[in-house]
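Visitor: To start, I am sharing the structure in question, which I have written as structure tokens.
The values are calculated or read from the model by the stated rules, or taken from the named source; none is laboratory data. The shown structure was predicted, so the numbers you read here are calculated from the model rather than taken from an experiment. Here Cβ is always computed from backbone atoms with ideal geometry, including for glycine, and neighbour counts include all displayed protein chains. Quick note on the areas: whole protein, heavy atoms, side chains included, nothing else; ligands and nucleic acids left out. Shrake-Rupley method; radii C 1.70, N 1.55, O 1.52, S 1.80 Å.
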Amino acid sequence: MSYENLSGRTAVVTGAASGIGEAVARQLAAQGARVALFARRADRLETVAGKIRAEGGEALVVAADVTDDASVEAARDLVHVAYGPVDLVVNNAGVMLPNPVDDGRLDEWQRMLDTNVTGVLRVIRAFTADLVAAAAEGRTADLVNVSSIGAHVTFPNYAVYGATKAAVTYLSQSLRSEFGPRDVRVTNVEPGLTETELKAHIDSSELSGQLDGMLDAVGSLSAAEVADVVAYATSRPRHVNLRQIMVLPTRQA
């Protein structure tokens, strides 16, 4: 499969320290894109950047917290100084903190809303002008939001997480009416069960065990397999928008 349309582009990937974000960054860089790696853990980003450079790619480490306005704005400015304007943004940063709603975990709810919803909006706000300008110049411009199958399928004790991902899916759908007429593509990717660090966020041994049971019964995608979907979507001709992609292990209903 040819991804040659990625060569020479400038990308931002959030949540790039591990999992899907790391895999997306490495895939885009392998196809010739310059990639700015956003995450809070600078040490992990340096490791990812080292892998990219060893593979012949170009990467910029940007320590950034998507839950903080000033941090995102400073990160944008750093990217502009190093690389100039971007034409590809992958909103991947997210947290998954399942617990019964009647536990009343306001701390978890706020963290998921700040990261999974408002964090996505902060990054969009930071780079909208870049994407619109790139499209106006006749270049390919992409906004990719990584949502989840949880936006559509209910799982007990994952109600708030699912609600945040449903918000991302709806946001992506609505943004197409604003960005599409200006030739900026919006792609919403909804992975099913995927091997990432998200399960490490779970603080309930019972819920962690349930997730392990699902993974054993159904199987899972690798982060690299989800990254391949992102690379495919963003490398199509600029007039082709793969607007909604749900990618699941074959055994996941």
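Visitor: Could you check, for the range 23-37, whether at least one of its residues is surrounded by fewer than 16 Cβ atoms within 10 Å (Cβ to Cβ) and out of contact with any Cys (no Cβ under 9 Å at 6 or more places or on another chain)?
Guide: no
Visitor: Tell me, please, whether a residue that is within 25 Å of Ala135 (Cα to Cα), β-branched (Val, Ile, Thr) and out of contact with any Pro (no Cβ under 7 Å at 6 or more places or on another chain) can be found in the range 179-186.
Guide: Among the residues of the range 179-186, at least one is within 25 Å of Ala135 (Cα to Cα), β-branched (Val, Ile, Thr) and out of contact with any Pro (no Cβ under 7 Å at 6 or more places or on another chain), which makes the answer yes.
Visitor: With Val153, Val230, Val226, Val168 as the choices, which residue is under 25 Å from Trp109 (Cα atoms), open to solvent by less than 40 Å² (accessible area, probe 1.4 Å) and either not small (Gly, Ala, Ser) or not in a helix (DSSP H, G or I) (or both)?
Guide: Exactly one of Val153, Val230, Val226, Val168 is under 25 Å from Trp109 (Cα atoms), open to solvent by less than 40 Å² (accessible area, probe 1.4 Å) and either not small (Gly, Ala, Ser) or not in a helix (DSSP H, G or I) (or both), namely Val168.
Visitor: On to the next question. With respect to Val123, is the statement that it is crowded, with 19+ Cβ neighbours inside 10 Å and within 21 Å of Arg238 (Cβ to Cβ) true?
Guide: no
Visitor: Look at Pro98 and say whether it is modelled with pLDDT under 95 and either under 15 Å from the mean Cα position of the chain (by Cα) or not in a helix (DSSP H, G or I) (or both).
Guide: yes
Visitor: Another question about this same structure. If I ask for residues that are buried (at least 19 other Cβ atoms within 10 Å of the Cβ) and either of a type in the set (A, V, I, L, M, F, W, C) or modelled with pLDDT under 90 (or both), which ones from the range 172-201 would you list?
Guide: If the condition is that a residue be buried (at least 19 other Cβ atoms within 10 Å of the Cβ) and either of a type in the set (A, V, I, L, M, F, W, C) or modelled with pLDDT under 90 (or both), then Phe179, Val184, Val186, Val189, Leu193, Thr196, Leu198 are the ones that fit.
Visitor: I would also like to ask the following. Return the pair list, or none, for Cβ contacts closer than 8 Å from residues in the range 72-83 that are over 18 Å from Gly119 (Cβ atoms) to residues that are surrounded by 15 or more Cβ atoms within 10 Å (Cβ to Cβ), at least 6 apart or on different chains.
Guide: Once the first residue is over 18 Å from Gly119 (Cβ atoms) and sits in the range 72-83, its partners that are surrounded by 15 or more Cβ atoms within 10 Å (Cβ to Cβ) give Ala82/Ala36; Ala82/Leu60; Tyr83/Thr10; Tyr83/Arg34; Tyr83/Ala36; Tyr83/Leu60.
Visitor: Give the range 1-17 a look and list any residue that's among the hydroxyl-bearing types (Ser, Thr, Tyr) and either open to solvent by less than 10 Å² (accessible area, probe 1.4 Å) or modelled with pLDDT under 95 (or both), or say none.
Guide: Ser2, Tyr3, Thr10, Thr14
Visitor: Right, something else. Among the candidates Ala163, Ala134, Ala129, which residue alone is open to solvent by less than 10 Å² (accessible area, probe 1.4 Å) and either at pLDDT below 95 or in a helix (DSSP H, G or I) (or both)?
Guide: Only one candidate qualifies: Ala134.
Visitor: Could you grab me the full set of residues in the range 52-73 that are part of a helix (DSSP H, G or I) and surrounded by 15 or more Cβ atoms within 10 Å (Cβ to Cβ)?
Guide: Ile52, Ser71, Val72
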